[in-house]
Structures are given as C-alpha cells and as structure tokens.
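Peer 1: Before I ask anything, let me first share the structure, which is written out below as structure tokens.
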Amino acid sequence: MKNASHEWIGVNKAFSELMGHPKSDLVGSSDRAIISAELAAEREAEDAQVIRTGHLLVTEQNQIHADGSLRILRKRKAMVTFPDGRLGVVGILTDITQEKLAQRDVQNSRTLLDAVMSAVPVPVTVKDGGGRFIFVNGPATEFFARPQADFIGKHVNGGVKASHVAAR
C-alpha cells in the first residue's frame, strides 16, 4: 500500500521477499530506492493514474525476483481512501509464471501437432467433444473439395454432407 507520495506505508512478507528487502526497509521508502529510476517513474505514473481516475489498473509485468529468477506477475492497483481522507494506492501482485509457462507449452504442443497433422499425406479431421471441427488438413480439404473455412467451428452434421463423402 502506498500513499499519494508513492511511499510504501504497508507491505506484506511476500512483497518484501520478492523485492529482496525486509519490510522495515521498504515502509517509508519508494520504488526509487530499490529499482531503476526509469522503472520507478513507470510505477509512479501508474499510481498517479489510479489516484487521478479512481479506476482499477490491471496489467502483467515481468519482475526479477530477489533470487534472480524471472517471474511473470499480474498486477492490480486500486485507489484507496484512508480514514483521514488522504488517497493512496493498494496493489496486489499475483505470480502467474507457471500459468504463462503452461499456456506457452500448450501453444507449442498445438503448433507441433498442427505441423505434424498438416504434413500427413492423407485426409485428417479433428473434432471437439461437441462434434465441431477444430482441425482439417490440406488433403482433407482436397478430398472434400471444400475450403478449411467450411469446416472449422462447424458441427459435424452441418459441415459435410454424407452424399459428398459417399461420392468420393
């Protein structure tokens, strides 16, 4: 939690561990004490925007953890009004590194599968659990003499007529 002067007035253990400084060193100081001036200016601009607009800020950022590892964080900042009427910012950082790595792995697997399935010289189609086409390779589009767009996302009963298949 920061005041309008961008000074931390409260931090938790996880934040102090992320930053590599004890809570006692962080409270009363600002981003400028522990990160580059350029990055600190970005954080201060975010804080000022949140205070000025009152709108929630949600972004993702890369952060080097105190142990040197790269973490991907989802950052949420919101304006807070203290009991004495002063304004400040409360922030929540959520480590989404594993989620992002899993998404990347899924995308890489999908890319590899698409490449393999596209290279297969025979017609191949893949449908989801609802019977909609999610993949059709080139030989399948040639076999059915229809473009891929006629298949993808369409239900198996609405994509290809039985008579069309029987004619092949």
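Peer 1: Run down Leu93, Leu39, Leu73, Leu87 and say which single residue is surrounded by 14 or more Cβ atoms within 10 Å (Cβ to Cβ), of a type in the set (A, V, I, L, M) and over 23 Å from the mean Cα position of the chain (by Cα).
Peer 2: Leu87
Peer 1: Working only within segment 17-33, note down all residues that are over 19 Å from Gly88 (Cα atoms) and either at pLDDT 90 or above or of a type outside the set (A, V, I, L, M, F, W, C) (or both).
Peer 2: The first filter runs over segment 17-33 and keeps only residues over 19 Å from Gly88 (Cα atoms), leaving 17-22, 24-25.
Correct list: Glu17, Gly20, His21, Pro22, Ser24, Asp25.
Peer 1: Name the pairs: first residue in segment 6-31 and on the phi > 0 side of the Ramachandran plot, second residue part of a helix (DSSP H, G or I), Cβ to Cβ under 6 Å, at least 6 apart or on different chains?
Peer 2: Here the result reads His6/Glu44; His6/Asp47, each pair linking segment 6-31 to a residue that is part of a helix (DSSP H, G or I).
Peer 1: Now for a separate question. With respect to Gly130, is the statement that it is more than 23 Å from Val58 (Cα to Cα) and in the same structural domain as Glu46 (by TED's automatic domain parsing) true?
Peer 2: So Gly130 fails the test.
Peer 1: If you take the residues in segment 11-32 that are loosely packed, with under 13 Cβ neighbours inside 10 Å and not polar (S, T, N, Q), which one is farthest from the chain's Cα centre (by Cα)?
Peer 2: For segment 11-32, the residue satisfying everything is Gly28.
Peer 1: Among the residues that make up segment 115-135, is at least one of them in contact with a strand residue (DSSP E or B) (Cβ under 7 Å, 6 or more places away or on another chain), modelled with pLDDT of 90 or more and part of a helix (DSSP H, G or I)?
Peer 2: Checked segment 115-135: no residue is in contact with a strand residue (DSSP E or B) (Cβ under 7 Å, 6 or more places away or on another chain), modelled with pLDDT of 90 or more and part of a helix (DSSP H, G or I).
Peer 1: Please find, within segment 43-70, the residue that is surrounded by the most Cβ atoms within 10 Å (Cβ to Cβ) out of those that are part of a helix (DSSP H, G or I) and out of contact with any Leu (no Cβ under 8 Å at 6 or more places or on another chain).
Peer 2: The qualifying residue surrounded by the most Cβ atoms within 10 Å (Cβ to Cβ) is Asp47.
The values are calculated or read from the model by the stated rules, or taken from the named source; none is laboratory data. Everything numeric in this text was worked out from a predicted model, so none of it was measured. Cβ atoms come from the backbone with ideal geometry, glycine included; neighbour counts cover every protein chain shown.
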